[in-house]
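Okay, structure first, notes after.
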Amino acid sequence: MPNTLILTVSSFILSLLIAVPLGIICALKVNSRLDQLLSAVSFAGLAVPGFWLGIMLIMFFSVKLGWLPSGGLQTMGTQFSMADRIKHLIMPVISLAVVEVAMWFRYIRSSMLDVINQDYMRTANAKGLGGMRILLLHGLRNAMIPLATVFGLSSIPGFFAGAVVLEQVFSIPGMGRLMLEAAFQRDYPVLISTTTLVAIMTVVGNYLADLSYAILDPRVNLGKQEVKA
């Protein structure tokens with residue numbers, strides 16, 4: 001589990017760091033050349049299979065250039081070092097993050113377009129608030145409400161499903177590889193255990209998405225106060 005969590009959490013953080021600013025920029029400059037270019041790239045990112053991208057990265061960066069290790073999480077016969085671990089994670093994280101970046105980019109762009117012209121955005125602008133403050137506190141906060149549902153329902157299972165294949169491609173000893181090997185060897189106790197754990201993670205993700213509504217949407221707290229009154 002720790003190896004799978006390192007891979008999936010790193011990919012998730014990288015996906016958000018890339019997708020959120022690009023989605024906001026394209027929403028502000030809708031139908032511009034940059035928006036059209038990034039939208040086309042996002043379509044390509046959704047269409048590229050993660051395992052194929054991983055194989056291409058191995059062939060180019062490991063076989064041809066020799067810059068990065070082709071698999072595993074640590075160089076054999078050496079002590080643990082953060083630099084060595086990062087080198088081993090670069091290609092798996094990129095392979096897993098490409099599809100997520102494309103998906104999150106499209107969701108964030110669409111959500112920002114829905115809220116950017118709302119009345120409360122114009123009211124905040126009329127009050128003289130700074131443009132970045134309006135964009136982050138009023139625009140992005142409300143745009144993240146539907147994204148919380150997407151994260152709980154699809155992102156957590158999607159990350160694990162992608163890790164199942166990529167852990168096999170990059171020879172990473174994680175839960176995905178364990179689950180795949182248990183399926184081929186008909187090791188039913190291990191297979192049932194890992195499947196149950198994935199189901200628990202999905203339920204926990206849905207619960208965290210519900211909790212995030214109270215943070216992102218102030219109307220939830222107002223509704224609670226009205227019920228108590």
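Bear in mind that the values in this text are calculations on the coordinates, not laboratory data. Just so it is clear, the model here is predicted, and its values are computed rather than measured. Positions of Cβ are backbone-derived with ideal geometry, glycine not excepted, and every protein chain shown enters the neighbour counts.
General remarks:
- Each peptide in 17-24, 190-197, 91-98 receives the mean, over its residues, of other Cβ atoms within 10 Å, and ordering these scores from highest gives 91-98, 17-24, 190-197.
- Rounded tilt (10° steps) of 156-169 against the dominant C-alpha axis of the chain: 30 degrees
- GNM on the chain, alpha-carbon springs under 10 angstrom: the most fluctuating residue among Arg186, Arg141, Arg109 is Arg186.
- The chain: angle of helix 218-228 to the longest principal axis, Cα-based, in degrees nearest 10: 70 degrees
- Among Lys29, Lys64, Lys127: highest mean-square fluctuation, GNM of the chain, C-alpha pairs under 10 Å: Lys127
- Computed over the chain: relative contact order in percent, which uses C-alpha pairs under 8 Å that are six or more apart: 26 percent
- Among (i) 17.2, 48; (ii) 17.8, 59; (iii) 20.8, 69, the entry that matches Rg and Dmax of the Cα atoms in Å as calculated here: (iii)
- Rounded to the nearest 20 debye, the dipole magnitude of the chain is 560 debye, with +1 charges on Lys and Arg beta carbons, -1 on Asp and Glu beta carbons, and the Cα centre as origin.
- To the nearest ten degrees, helix 82-115 and the longest principal axis of the Cα atoms of the chain are 30 degrees apart.
- Positive-end residue, the chain charge dipole about Cα centroid, Cβ charges, pick of Asn117, Trp52, Val99: Asn117
- Per-residue Cβ neighbour rank within 10 angstrom, fewest leading, Phe151, Phe170: Phe151, Phe170
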